[in-house]
Amino acid sequence: MSPIKSAALAVSTAVLLALSPAAQTSTWNIDPAHSSAQFTVRHLGISNVSGAFTKVSGSVTLDDKDITQSQVNATIDAASIDTRQPDRDKDLRSPNFLDVEKYPTLEFKSKRIVKSGNKLQLVGDLTLHGTTREVTLDVDGPTPELADPWGNLRRGFSATTTINRKDYGVVWNNTLKTGEAVVGDNVKIQLDIELVKKKA
């Protein structure tokens, strides 16, 4: 093989190797109409109150060759909190809790993904009420690609975690005469996310 052909082959190989990682990844946008961040917190020590943030947006970069190299960025509109009780929602938006005027969003940025048996754990920074802390979410998914009736490719995943609201400076509470707290400290979080593949 001539030196010129050898050089051309080497250049072509290098270009293909440089492009191959990009070919393994795809970008997916969170579909706000079909995604939610639900939560559950103890009330009076006797029952659970559940609600959801109904406005979730963001993107996911998926690497199907190595799922641990994928990335997730999500933003939640704090004012979209909905517990089906307008007065309670107003209180949750107030400075007593989320203080949405001062802190209008909750944000999550992934740092790493870890395989745990057949499951995935998504580790990242959650920013809530102006405070950022690392959290670990247990993930189911992502599902295989599915084409919807309008020609879009979709996937989905669910994730769960539990946080202590006081870690984020959400500390308001009241105590009954029996000693029970009106609002529990631990908040269980359930994410149900539907993704739409970004078209080239």
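Every number in this text was worked out from the coordinates using simple rules, so none of it is lab data. Quick caveat: nothing in here was measured; it's all calculated off a predicted structure. Note: ideal-geometry Cβ built from the backbone for every residue, glycine included; neighbour counts use all protein chains shown.
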Next item on the list: Using 0.36 nm per residue of separation minus the Cα-Cα distance, give me the extension gain between Ala33 and Leu146 in nm, one decimal.
Entry: 39.0 nm
Checklist line | Where chymotrypsin sites (Phe, Trp or Tyr not before Pro) fall in DSSP loop in the stretch 125-200, at most 10 other Cβ within 10 Å | finding: Trp150
Next item on the list: Any chance you could tell me what percent of the C-alpha pair distances in the stretch 23-111 go past 18 Å?
Entry: 54
Checklist line | Assigned charges on the beta-carbon of Lys, Arg, Asp, Glu; the chain dipole about Cα centre (debye) | finding: 320
Notebook entry, point to check: Measuring from the lowest to the highest alpha carbon on each principal axis, how far does the stretch 128-200 reach, largest first, in angstroms?
Noted result: 59, 25, 20
Check: What number, rounded to the nearest 500 deg cm²/dmol, is the helix-based mean residue ellipticity at 222 nm of the chain, given -39500 (n - 2.57) per DSSP H run of at least four residues and division by all its residues?
Finding: -5000 deg cm²/dmol
Note to self: Tell me which of Asn173, Val135, Thr162 sits at the most positive position along the dipole axis of the stretch 121-174, charges placed on C-beta atoms (Lys, Arg +1; Asp, Glu -1).
What the structure shows: Asn173
Notebook entry, point to check: the stretch 51-149: which chymotrypsin sites (Phe, Trp or Tyr not before Pro) are DSSP loop and have at most 15 other beta-carbon atoms within 10 angstrom?
Noted result: none
Next item on the list: Treat the stretch 79-200 as a sphere of radius equal to its Kirkwood radius over Cα pairs and apply Stokes-Einstein at 37 °C in a medium of 0.692 mPa s; give the translational diffusion coefficient in µm²/s, rounded to a whole number.
Entry: 194
Note to self: Sequence gap at least 6, Cα distance under 8 Å: using those rules, report the relative contact order of the chain to the nearest whole percent.
What the structure shows: 22
Check: Which lysines, on any chain, are close to Lys198 with Cα under 27 Å apart, when same-chain ones fewer than 8 places away are left out?
Finding: Lys55, Lys65, Lys109, Lys111, Lys115, Lys119
